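Everything below concerns the one structure shown next.
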Protein chains: 2
Amino acid sequence: MQIDNLLKQINFIKEIDKLKYVQRKTKLFNSDRNENDAEHSWHLAMMTIVLAEHSDQKIDVMKVLKMVLIHDIVEIDAGDTFIYDTAKNHTNTDEELIAAQRIFGLLPKEQAEEFIGIWQEFEEGITDEAKFARSMDRLEPLLQNTSTNGGTWKEFKVPYQKVYDKKKAIKNGSSLL
Amino acid sequence: MQIDNLLKQINFIKEIDKLKYVQRKTKLFNSDRNENDAEHSWHLAMMTIVLAEHSDQKIDVMKVLKMVLIHDIVEIDAGDTFIYDTAKNHTNTDEELIAAQRIFGLLPKEQAEEFIGIWQEFEEGITDEAKFARSMDRLEPLLQNTSTNGGTWKEFKVPYQKVYDKKKAIKNGSSLL
Ligand SMILES: [Ca+2]
């Protein structure tokens, strides 16, 4: 049983290697290379550890870490959704739910349910942990843009107002940020 | 004071973006692209969450996560050390310590000290958390190699015995693995 679980877990660990191939629209700091979802998720985890003390609410940092580490895994099947893309809004699409069930479903049952639950909590953005995790997800591209002369925003002609509206999501997690 | 800390933290968060440029010798699963340290660290964090239940000892999973997320950050200055490289063994070199002091030193004092301490604990490999974190670091390339027909090992002509010796480090973290 423990061996059976381990084999499922190893299988999942191999499958999620694919997240390193999912390209985001954003560029690395001071570079022309696009960021991939795996290195993006690492950066959010680092931001979580470093910035957790600024949360307005007492948060379960471990849960936030799990959220940011797994939040993009569905994109292995469902692709990246650029937050300023008006055609395809970043809602919890059917496609993403099917992806979550397939990929997290590789894990032992209990763990699969835990991960799907954490991913859904992140998507809904209601709990303090989800708000903080989503703040990190919004803040990273803002930092990137300050170091590449507004690269992505210029490229996609994002109107200022939209950037401002999205930035408000950051305020939900921390009034200082 | 809180703002002062935040500015230091933002500065650190921008600096560590460079980890996405540090190339490892290992290839991605089923691919010719080299893995970078940031996506590698994300994968170790995922492995930690998924596999923590198999640890022989009761471990502080949050500390292990911090270890695997930061363990390679010194390589921004000090470069990657391939574990099968005999010329430059993976010891806690002076160069790495200077790198740790510079990079973690960008953070507020208390946080800088915490991170340097966690990195040193990982390097020493004595505590249960460090043993488990190092198991993850050894296990990832083993999994990669089973999916690319022994890519890196063949390429570097690593004798079997060396691979076996390194694998023993995994046993230190979990007898099942
Ligand atoms: Ca290393």
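The values are calculated or read from the model by the stated rules, or taken from the named source; none is laboratory data. This is a predicted model, so every value here is computed, not measured. Ideal geometry is used to build each Cβ from the backbone, glycine not excepted, and the neighbour counts take in all protein chains shown. Side chains included, ligands, DNA and RNA excluded: accessible areas come from the protein's heavy atoms. Shrake-Rupley method; radii C 1.70, N 1.55, O 1.52, S 1.80 Å.
Some points to look at:
- Inter-chain Cβ neighbour average for residues B:48-55, partner chain, 10 Å: 5
- Buried solvent-accessible surface, both chains (B, A), 1.4 Å probe, Å² to nearest 100: 4400 Å²
- Applying both filters, DSSP loop and at most 11 other Cβ atoms within 10 Å, to the trypsin sites (Lys or Arg not before Pro) of region A:36-77 gives A:LYS58.
- Other copies of A:GLY125: label-to-label distances in nm, shortest first, labels 7 Å along the beta-carbon direction: 4.5
- Partner chain coverage, peptide A:31-37 - average Cβ within 10 angstrom: 2
- Label-point gap, in nm, between B:GLU110 and B:GLU15 - each point 7 angstrom along Cα→Cβ: 2.0 nm
- Heavy-atom accessible area ranking, 1.4 Å probe, most first, across A:ASP94, A:ASP56: A:ASP94, A:ASP56
- Sorting B:VAL61, A:VAL68 by solvent-accessible area of protein heavy atoms yields B:VAL61, A:VAL68, largest first, with a 1.4 Å probe.
- Residue among B:THR26, B:ALA52, B:TRP42 farthest towards the positive dipole end of region B:1-76, charges placed on Cβ: B:THR26
- With label points defined 7 Å past Cα in the direction of Cβ, position A:GLU110 shows copy-to-copy spacings of 3.6 nm, given to one decimal and shortest first.
- The largest accessible area among B:ASP4, A:ASP137 belongs to the first residue in B:ASP4, A:ASP137, and the rest follow in falling order (1.4 Å probe, all chains).
- Average beta-carbon neighbours from other chains, 10 Å sphere, peptide B:108-116: 1
- Heavy atoms of A:LYS25: accessible area, 1.4 Å probe, square angstrom to 10: 70 Å²
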